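The values are calculated or read from the model by the stated rules, or taken from the named source; none is laboratory data. Everything quoted here is computed from the prediction, not taken from an experiment. Virtual Cβ from ideal backbone geometry, glycine too; neighbours counted across all protein chains shown. Surface areas here come from the heavy atoms of the whole protein model, side chains and all, with no ligands, DNA or RNA. Shrake-Rupley method; radii C 1.70, N 1.55, O 1.52, S 1.80 Å.
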Amino acid sequence: MRESSNPVFRSLPKTQGGYAQFGTGAAAYGTQAVHADPYAVQYPDQRQAGVARPMTIDDVVTKTGITLAVLTASAVVTYVLAMMNPAIALPLVMIGALGGLVMVLIATFGRKQDNPGIVLTYAVLEGLALGGISWVFGQSVEIAGGSAGALITQAVLGTFGVFFGMLVVYKTGAIRVTPKFTRFIVAGLFGVVALMLGNLVLGLFGVGGGEGMGLRAGGPIAIIFSLVCIGLAAFSFLIDFDAADQMIRAGAPEKAAWGVALGLTVTLVWLYIEILRLLSYFQSD
């Protein structure tokens, strides 16, 4: 049994079993669900009534696609609004970031990851944050003589390039998701969060001219820190894929695909922001 580094996946019912190939475990979900089906406890009425069908990889792809489409539409609208009225960019970022965090907390601790309303609300709110953040970084690059459009395009391509690259790594078994690997990634995530918080506190007290430890100042330390964050986000995908695989093998109901979509989207959002930030360092020089 393994736990994901993604908080959304970590709060999902745990499954038994070994490794599966992402997207191929669905063929055997029927017989395995008889022996290990933790979702039968979470959704007893649906299972007894024979309503809920088991989740497949197609469900995961569809729900993730819908979630990303809503997030993208929200981000594009926010970006356009920020272009028309720059003063609303940062407020929208704050509203989107805090609102998205609240949705993730509700989904995680309230065990409502399979609620499409919560997942899509998160997508809309996070779209506000991403649209505003993209505009802010784009403006800093344009001031330095760069192109905001090129920056954002590169960040999007880089994000999905990493995502599909890690999917290939997972499918080929080049890196196996073991408990030791998971503990290493989780420890790295806690370390990164601690450094971010420490940097924020030091910055608020004026240390380093308000830049704290310089983790976001654009210098060599900031570049290294962003690369570490990108690496952790990339390897987190492997654990997310494995968690989704185990759910398919256990015969989780179709609606659980919304939880998988939420977990993957959370990681994608973090990865995009870090790649966008890293690219802005180089293009603002």
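Looking at Thr182 and the list (1) touching a Phe, Trp or Tyr at 6+ places or on another chain (Cβ under 9 Å); (2) over 16 Å from Leu271 (Cα atoms); (3) touching a residue at least 40 places away in the same chain (Cβ under 8 Å), which single condition is not satisfied?
Every listed condition holds for Thr182 apart from (1).
Counting just the residues of the range 215-233 that are in contact with a Gly (Cβ under 8 Å, 6 or more places away or on another chain) and part of a helix (DSSP H, G or I), which one comes out surrounded by the most Cβ atoms within 10 Å (Cβ to Cβ)?
The extreme case among them is Leu232.
Could you grab me the full set of residues in the range 88-104 that are of a type in the set (A, V, I, L, M, F, W, C) and open to solvent by less than 80 Å² (accessible area, probe 1.4 Å)? Write out each step before concluding.
Restricting attention to the range 88-104, the residues satisfying the condition of being of a type in the set (A, V, I, L, M, F, W, C) are 88-90, 92-95, 97-98, 101-104.
Correct list: Ile88, Ala89, Leu92, Val93, Ala97, Val102, Met103, Val104.
Out of all the residues in the range 58-79, which are open to solvent by 60 Å² or more (accessible area, probe 1.4 Å) and touching a residue at least 40 places away in the same chain (Cβ under 8 Å)?
Thr62, Ile66, Thr72, Val76, Val77
For the condition open to solvent by 30 Å² or more (accessible area, probe 1.4 Å) and over 21 Å from Gln283 (Cα atoms), what is the one hit in Val156, Val136, Val124?
That would be Val124, the only listed residue that is open to solvent by 30 Å² or more (accessible area, probe 1.4 Å) and over 21 Å from Gln283 (Cα atoms).
Within the range 138-173, track down each residue that is of a type in the set (A, V, I, L, M) and over 22 Å from the mean Cα position of the chain (by Cα). Even if it seems obvious, please write down each step before you answer.
Pass one, the range 138-173, residues of a type in the set (A, V, I, L, M): 141, 143-144, 148, 150-152, 155-157, 162, 166-169.
Scanning the range 138-173 gives Val141, Ile143, Ala144, Ala148, Ala150.
Is at least one residue of the range 177-188 touching a Leu at 6+ places or on another chain (Cβ under 9 Å), over 26 Å from Leu279 (Cβ atoms) and outside any helix (DSSP H, G or I)?
Among the residues of the range 177-188, at least one is touching a Leu at 6+ places or on another chain (Cβ under 9 Å), over 26 Å from Leu279 (Cβ atoms) and outside any helix (DSSP H, G or I), which makes the answer yes.
Could you list, in sequence order, all residues of the range 247-285 that are over 24 Å from Leu125 (Cβ atoms) and open to solvent by less than 10 Å² (accessible area, probe 1.4 Å)?
Those that are over 24 Å from Leu125 (Cβ atoms) and open to solvent by less than 10 Å² (accessible area, probe 1.4 Å): Met247, Ile248, Ala250, Gly251, Ala252, Pro253.
Please work out if Val201 is modelled with pLDDT under 90, assigned to a helix (DSSP H, G or I) and out of contact with any helix residue (DSSP H, G or I) (no Cβ under 8 Å at 6 or more places or on another chain). Walk me through how you get there before you give the answer.
On the way: modelled with pLDDT under 90: yes; assigned to a helix (DSSP H, G or I): yes; out of contact with any helix residue (DSSP H, G or I) (no Cβ under 8 Å at 6 or more places or on another chain): yes.
Judged against the criteria, Val201 is a match.
Go through the range 88-123 residue by residue and tally those that are of a type in the set (A, V, I, L, M, F, W, C) and more than 24 Å from Ala155 (Cα to Cα).
Residues meeting the conditions: 7.
Only one of these conditions is not met by Gly110: (1) of a type in the set (Gly, Ala, Ser); (2) closer than 24 Å to Ile275 by Cα; (3) open to solvent by less than 60 Å² (accessible area, probe 1.4 Å). Which number is it?
Unmet for Gly110, out of (1) of a type in the set (Gly, Ala, Ser); (2) closer than 24 Å to Ile275 by Cα; (3) open to solvent by less than 60 Å² (accessible area, probe 1.4 Å): (2).
Is it fair to say Val141 is of a type in the set (Val, Ile, Thr), assigned to a helix (DSSP H, G or I) and surrounded by fewer than 18 Cβ atoms within 10 Å (Cβ to Cβ)?
For Val141, the condition - of a type in the set (Val, Ile, Thr), assigned to a helix (DSSP H, G or I) and surrounded by fewer than 18 Cβ atoms within 10 Å (Cβ to Cβ) - is not met.
Looking at the range 174-202, which of the residues that are within 16 Å of the chain's Cα centre (by Cα) and open to solvent by 40 Å² or more (accessible area, probe 1.4 Å) is nearest to Asp242 (Cα to Cα)?
Phe190
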